[in-house]
Amino acid sequence: MDALEAIHTRRSIRTFDGEPVSPGQLETLLRAAMAAPSAGNAQPWRFLVITDRAILDKIPDIHPYAAMARTAPIGILVLGDASLEKYPGYWVLDCAAAIQNMLVAARATGLGAVWTGVYPTPERVAAFSKMFALPGHITPHSFVVVGHPVQYPGPVDRFNPARIDENAFVGK
């Protein structure tokens, strides 16, 4: 699948068939994530791969929008590492870019994924930090649920020319 097709057909997948994700597929997603741009090329991300069924089953108890973790073979907790930052605060953008790459790679390889936000919701940040005993310089950014989709919904054209201005902002 070419890049534009993967981008335009990527959808949030919340139902998985239970088939395992191979180590090679997981590495492909993580390599794509780590290929993302970052401020000053600091790459202030870390990835906590969760495959333990008991842990995946507990995630919805601390994240109200992650119920699909109970049917997925893998969850990836994307973490910001403040000790790796060159430009404070940009870790949030850097992690988001890594996640987008991961989501597009999942689509391109036939996997399904959904991005569930953790940061900046204080309760979620605290709960994930506690669950995984994260040190103070590590902040949970997002939880990405990955697996083989039961079905893939068709593409949606989200292009909206009303959101485009040129040379001056004229929108509301």
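The values are calculated or read from the model by the stated rules, or taken from the named source; none is laboratory data. Not measured: the values here are computed from a predicted model. Cβ coordinates were reconstructed from backbone atoms using ideal geometry, including for glycine residues, and neighbour counts include every protein chain displayed. Quick note on the areas: whole protein, heavy atoms, side chains included, nothing else; ligands and nucleic acids left out. Shrake-Rupley method; radii C 1.70, N 1.55, O 1.52, S 1.80 Å.
When THR121 is tested against (1) touching a residue at least 12 places away in the same chain (Cβ under 8 Å); (2) of a type outside the set (Phe, Trp, Tyr); (3) within 21 Å of SER12 (Cβ to Cβ); (4) surrounded by fewer than 16 Cβ atoms within 10 Å (Cβ to Cβ), only condition (1) is not met. ALA127 passes every criterion in (1) touching a His at 6+ places or on another chain (Cβ under 8 Å); (2) open to solvent by less than 40 Å² (accessible area, probe 1.4 Å); (3) closer than 27 Å to GLY24 by Cα apart from (3).
Of the candidates ARG107, ARG53, the single residue that is surrounded by fewer than 19 Cβ atoms within 10 Å (Cβ to Cβ) and either at pLDDT 95 or above or touching a helix residue (DSSP H, G or I) at 6+ places or on another chain (Cβ under 7 Å) (or both) is ARG53. Pairs linking a residue in region 1-29 that is without any contact (Cβ under 8 Å) to a residue 60 or more places away in the chain to a residue that is open to solvent by less than 50 Å² (accessible area, probe 1.4 Å) and assigned to a loop (DSSP other than H, G, I, E, B), with Cβ atoms under 6 Å and 6 or more positions apart or on different chains, are PRO20/PRO73.
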